[in-house]
Amino acid sequence: ARTYAAAPAEEVAEPQGNRMQVGRVLFYAGVLLVAVLTLRVGGQLTVSDAFFFLALAFVTAEVLVSRRPVPVGIPPLLLVGIGLFSVGGLLSTFGAEAPVKSAAVVARLVFLTVFWFWVAAVVLDRRERVQKAITFWVISAALAGAAGVLQLVAGDVIPNTTPVFGRSTGLTNQPNDLGGITAVAFVPALMLASRAGIPARKRLLLVGVLFLIAGGLISSGSVGAFLAAAAGTFWRSANVPIAQ
C-alpha cells in the first residue's frame, strides 16, 4: 500500500492563516473607528458600521464558498438580554421624540452584539489577533476621550458635535455615549497597560491611552459610566469572574 508523509506544519498553517484576510482587515477598520460616531456614511449608519457590514459580507461569502464549518455558540444569556432590550427599545419608540433614530439604535445594538460577535469569532481565530482587535478598540476609545478632553479645555471645537451643558461629547453626539464608550474600554485599557514583560516605551504609550480614556470618562460627566468603570475595575482587581 502506498503511504503519504504528513505535510510540514508550516506548509499547512500558512494557507489557513490567510483565510478570512479581507474580512479580518475590514473588521479591524471597524473596531478602530467604533468610537467615532460622528463620522457617518448617511443617516444613522456610521463608517464603523459600514466596515462591519462589509466584513460580515466577505466572511459570509467565504464561509459559503469554502463550506468551512464555523461552530460558534452565542451565550444564551446574551440572546435573552438582547431580546429583552430589543422588546423594550421597540416599545419605547412609539413615544420617542425621534422614533426612527430610536429604532436604529436598537437595530445597531442587535447587530453589534449578535452578528458582530459571530464575525469576531470567525476572523479572530488566534490570540494575537484578538489582542490586536482589543488594542484597536482601546485606541478608538482613547481618540474619543482625547476629543472630550479637548472640548473641556477649548470648548466647541470638534466638528459635528457640541458639548451639552459643559459635558463633553467627544466624537459622539451625546455625553452619555462618550461616557459609555470610555467606561467599557477602561478595563481593557488597564489590562493592556499592566501586562508583564512589555517594553517600557510601549507601556508608556498604553498608560497614555489609559489616561485619555479616563479623561474622556470624566469630561463626559456621566455618573453611571463612572460607576460602571469603577465596578469593572474592582471585579478585575479582585480576580472574580463576572460570569461563569
Requested in this report: Out of V114, V100, report the one residue that is closer than 17 Å to Q174 by Cβ, assigned to a helix (DSSP H, G or I) and either open to solvent by 60 Å² or more (accessible area, probe 1.4 Å) or modelled with pLDDT of 70 or more (or both).
Outcome: V100
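Restricting attention to segment 19-49, and to residues there that are charged (D, E, K, R) and open to solvent by 30 Å² or more (accessible area, probe 1.4 Å), which single residue is modelled with the lowest pLDDT?
R19
One line per residue, one yes/no per condition, for (1) outside any loop (DSSP other than H, G, I, E, B); (2) open to solvent by 60 Å² or more (accessible area, probe 1.4 Å); (3) on the phi > 0 side of the Ramachandran plot:
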site	(1), (2), (3)
L152	yes, yes, no
N176	yes, yes, no
I198	no, no, no
R203	yes, yes, no
S219	yes, no, no
Report summary line: Listed by first then second residue, the pairs whose first member lies in segment 108-126 and is within 16 Å of A35 (Cα to Cα) and free of Cβ contacts under 8 Å to residues at least 60 places away in the same chain, whose partner is crowded, with 16+ Cβ neighbours inside 10 Å and of a type in the set (A, V, I, L, M), with beta carbons under 7 Å and at least 6 positions apart or on separate chains, are T113/I82
Query - Residue check, E62 of a type in the set (D, E) and modelled with pLDDT of 75 or more - result: yes
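May I ask you to say which residue of I213, I218 is modelled with pLDDT of 90 or more, under 28 Å from T162 (Cα atoms) and either among the small types (G, A, S) or in contact with a Ser or Thr (Cβ under 6 Å, 6 or more places away or on another chain) (or both)? Can you show your working first?
Details: I218 fails: either among the small types (G, A, S) or in contact with a Ser or Thr (Cβ under 6 Å, 6 or more places away or on another chain) (or both).
After ruling out the rest, the residue left standing is I213.
The values are calculated or read from the model by the stated rules, or taken from the named source; none is laboratory data. Here the structure is a predicted model, which is why all the values come from computation and not from measurement. FYI the Cβ positions are ideal-geometry reconstructions off the backbone, even for glycines, and counts take in every protein chain you see. Accessible surface is based on the protein model in full, side chains and every heavy atom, while ligands, DNA and RNA are left aside. Shrake-Rupley method; radii C 1.70, N 1.55, O 1.52, S 1.80 Å.
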